[in-house]
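Here is the structure we will look at, set down as structure tokens.
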Amino acid sequence: MVLSCSVVFGYWCLTMRQHKVQGQRNVHPHLDTFRMLCGGKKSCFAATVCIVTLTSMVTLSYLRLQRPSHQPKIIYEVSKCRGEITNSTITPLTDNRTFIVSAYFDNREGKVTRVIGIVHHEDVKELFCWFCCQPDGKIYVSKAAIDVHSDRFGFPYGAADIVCSEPENCDPTHVSIHQSPLGNIDQLPSFEIKNRKAEPFPVDFTVCISAMFGHYNNVLQFVQSMEMYKILGVQKVVIYKNNCSHLMEKVLRLYMEEGTVEIIPWPINSHLRVSSKWHFSMDGKDIGYYGQITALNDCLYRNMQRSKFVILNDADEIILPLKHPDWKTMMSSLQEQNPGTAVFLFENHIFPESISTPMFNILSWNTVPGVNILNHVHREPDRKDVFNPKKMIVDPRKVIQTSVHSVLHAYGNSVNVPMDVALVYHCREPLQANLPRESLIRDTTLWRYNSSLIMNVNKVLYQTVL
């Protein structure tokens, strides 16, 4: 019976894996297959018990992976902790197969340092964290648990959590990562361990945008998105910038000076062959979409102690409330209805830029490069049997790993927010280009904000572009 249970479970996992679409599982089509493999009710019950047991084992195995089993060991003492403190966003190790982004203290399942990085999923086998403890100068080395995220989409390099137990009797401020437990810490790059102190959240909402690349020049739509975020309640927008146009730089500088935007330099193409596609089959480079998933995870941890909520979306996307005036009242209502929820998922809907309703033709905007979202209020209908991607508002303290359209591991539930509560307004090129205008759905929700939006956008443009 145990063997047959294992076979059933193996087949179940295989079929589930085949039908996984960017983190979403459709289990219902396999219920009949499962019943057929089970045979009668008794064997089905036994198989179910077996599946539950094995699933629990898999879950425990993952949590065990997240908790490093190797405790730090003192290897030598120095008179003073040294090492070159790096300020680079992406730092390659000497193997050129491991790239370190940032290190964060994480005490949710023990006293560990969690390093966000990029690794080759096959070539990187062992890594070690080197801690120097002040004031005694003791050097501790801890073997890392390397957890390459499951959503590499076929690319050889992917986001990774490099997790190490910290010394029990000190709170290190910096960590070095090395391929060996032997060496000289003075010759290793040193990374500040962030999030050491828990503080009251200075902001309620932070938007994470990754990654800005391709000499981005959609200035008008970017400014409109930024001003919509501010109307809806954002206080901080974090942008992982690879490159953009000179005009866009002027706009970013203004938002940085007012304190809204934080720019994280993202020179990933200096280290890896990057693709602008999401899947390896579309473009066989080293890593997909300019390392977007690594940037999103870094942004999540970067703001874990700074923001009550983190919003993961692109610059051409706006989570638009339909029942509430802003994000704060919307999230208050959603949390009341769904206590303990970690992730709120909002369905993405395309408002094609090819279909225009010229209600707000503002003459001065015609000289600004980019799309005027106020003129695009028709959305594409859902397509039968086609998955609508989601974007998220998350409680960052409850998330372990995130992907683009769902989280991979979290301490709480994920909830799909009904479309009559909110949707993702996504103005871009059409996905259903052959649809006539009359087949689209007119949705003027955005126009509720037109007066404030136009005034705020004009203020920014006259300070930067016009």
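Contact map, the range 156-181: residues that are within 16 Å of Y301 (Cα to Cα) and open to solvent by less than 10 Å² (accessible area, probe 1.4 Å) paired with residues that are of a type in the set (K, R) and assigned to a strand (DSSP E or B), Cβ distance under 6 Å, separation 6+ or inter-chain. Pairs shown: D161/R114; V163/R114.
Looking across the range 253-308, just one residue is under 30 Å from G233 (Cβ atoms), buried (at least 20 other Cβ atoms within 10 Å of the Cβ) and more than 18 Å from the chain's Cα centre (by Cα), and that is Y255.
When we screen S102, S165 for residues that are in contact with a helix residue (DSSP H, G or I) (Cβ under 7 Å, 6 or more places away or on another chain) and not hydrophobic (A, V, I, L, M, F, W, C), the only hit is S102. Among what's in the range 414-444 and is open to solvent by less than 20 Å² (accessible area, probe 1.4 Å) and not in a loop (DSSP other than H, G, I, E, B), pick the residue that is nearest to M331 (Cα to Cα). Of everything passing the filter in the range 414-444, A422 is nearest to M331 (Cα to Cα).
Remark: pairs (first residue in the range 116-136, surrounded by fewer than 13 Cβ atoms within 10 Å (Cβ to Cβ); second residue modelled with pLDDT of 95 or more and small (G, A, S); Cβ separation under 9 Å; 6+ apart in sequence or on different chains) = E126/A144. In this entry, K308 is excluded by the filter for residues that are modelled with pLDDT of 95 or more, charged (D, E, K, R) and either in a helix (DSSP H, G or I) or touching a Ser or Thr at 6+ places or on another chain (Cβ under 6 Å) (or both). Only one entry of H349, H376 meets the criterion of being open to solvent by less than 40 Å² (accessible area, probe 1.4 Å) and either touching a Gly at 6+ places or on another chain (Cβ under 7 Å) or without any contact (Cβ under 8 Å) to a residue 60 or more places away in the chain (or both), and that entry is H376.
Residues checked against (1) in contact with a helix residue (DSSP H, G or I) (Cβ under 8 Å, 6 or more places away or on another chain); (2) of a type in the set (V, I, T); (3) open to solvent by 50 Å² or more (accessible area, probe 1.4 Å); (4) part of a strand (DSSP E or B):
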site: A315; (1), (2), (3), (4): yes, no, no, no
site: L320; (1), (2), (3), (4): yes, no, no, yes
site: K323; (1), (2), (3), (4): yes, no, yes, no
site: K328; (1), (2), (3), (4): no, no, yes, no
site: S332; (1), (2), (3), (4): no, no, yes, no
site: M359; (1), (2), (3), (4): yes, no, yes, no
site: S364; (1), (2), (3), (4): yes, no, no, no
site: F387; (1), (2), (3), (4): no, no, yes, no
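So, of the residues in the range 445-466 that are touching a residue at least 24 places away in the same chain (Cβ under 8 Å) and aliphatic (A, V, I, L, M), which turns out to be most open to solvent (accessible area, probe 1.4 Å)? So, considering only residues that are touching a residue at least 24 places away in the same chain (Cβ under 8 Å) and aliphatic (A, V, I, L, M), the one most open to solvent (accessible area, probe 1.4 Å) is L466.
The values are calculated or read from the model by the stated rules, or taken from the named source; none is laboratory data. Since the model is a prediction, treat every value here as computed from it, not as a measurement. All Cβ positions, glycine included, derive from the backbone under ideal geometry; neighbour counts span all protein chains shown. Just the protein is used for accessible areas: all its heavy atoms, side chains included, with ligands, DNA and RNA removed. Shrake-Rupley method; radii C 1.70, N 1.55, O 1.52, S 1.80 Å.
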